[in-house]
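The numbers here are math on the coordinates, done by the rules we state, and not lab data. These numbers come from a predicted model, not from an experiment. Virtual Cβ from ideal backbone geometry, glycine too; neighbours counted across all protein chains shown.
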Amino acid sequence: MERINDTYTLHNRVEIPTIGFGTWKLEDPKIAYESVLEALNAGYRHIDTAAIYNNEESVGKAIYDSGIPRNEIFLTTKLWNDSHTYDKAMKAIDISLKKLKTDYVDLYLIHWPNPLMYRDDFEGSISETWRAMEDIYKSGKAKAIGISNFRPHHIETLLNVANIAPMVNQIKLHPGNEPEDIINKSLSHGMLVQAYSPLGSGQIFESKELQEMSKKYGKSIAQICIRYLLQKGYNPLPKSQTKERIIENINVYDFNISNEDMEIIKHIPNVCKEATDPDTANY
């Protein structure tokens, strides 16, 4: 992980860039478009969106207008909670592809494991939804498939019905919040762990320990967080709509955090909001 174009290899041999650009909360079409275009100009080749982000059209337009060949960009989107049946999931991917102006995504994720509207039959819902995900994968509309916000018991239920194991689990993950039960369960089944909100939605900058690390290494707190996650083997997805920070967040390949400091960061208190519990969320 010494270069901007370094990749991880998923268990189906698909390569994924080690840092992605997140687009959560970039709902304004102009801001979403400009931010993704800035990210691509800065060297990002991994863009993460979702149906519920309401920006797939802007993301697709930015990718197209960038002039970068589609096969050089790793594009992720996600299935929203209202489509956890086989037929609805099969329709949802086509809607996303149309908005994204592409005939495939590189990664398609189930956004949440246990939506409110299907909670009375989680096992049946996840079985039908994953069957659709497997068919989407087999059709070539997604080069890889995976999950997001899945906890160990959700993973177990999914694996009981899966013929193709998920390649990724995307979770809220940042210094001060490393849920080892989820991480270990995901890794034990060959999944890459992706980190959304790697900066804790901004609250991470309040950490005194990270402020000290920033001074020590001459790097921003954001760069320290992202570099830490990379050295742990995770796949961070930082988001920004500011050109300078977009550039800053990917310029993390020119330094290493010492083993001693990695241990300090691992044990810092969590100053950020806890991850949402997918079994009690009201959506």
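What the table below lists for this structure:
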{"item": "Amide H contacts under 5 Å for Ala144, placed H, 5+ residues apart", "result": "Leu107, Tyr108"}
{"item": "Simple label model, 7 Å out from Cα along Cβ direction - Asp279 to Arg70, nm", "result": "4.1"}
{"item": "Size of charge dipole - the chain - debye, nearest 20, with Cβ of Lys, Arg +1 and Asp, Glu -1, no other charges", "result": "520"}
{"item": "Total formal charge among the other residues, if their Cβ is under 11 angstrom from that of Val161, Lys/Arg +1 and Asp/Glu -1", "result": "-3"}
{"item": "Relative contact order, percent, the chain [alpha-carbon distance under 8 Å, six or more residues apart]", "result": "20"}
{"item": "Calculated on alpha-carbon atoms, Rg and Dmax of segment 141-283 in Å", "result": "16.0, 49"}
{"item": "Linear extension gain, Leu159 paired with Asp120, 0.36 nm per residue minus alpha-carbon span", "result": "12.1 nm"}
{"item": "Antiparallel %, DSSP beta bridges [both residues in the chain], to 5", "result": "15"}
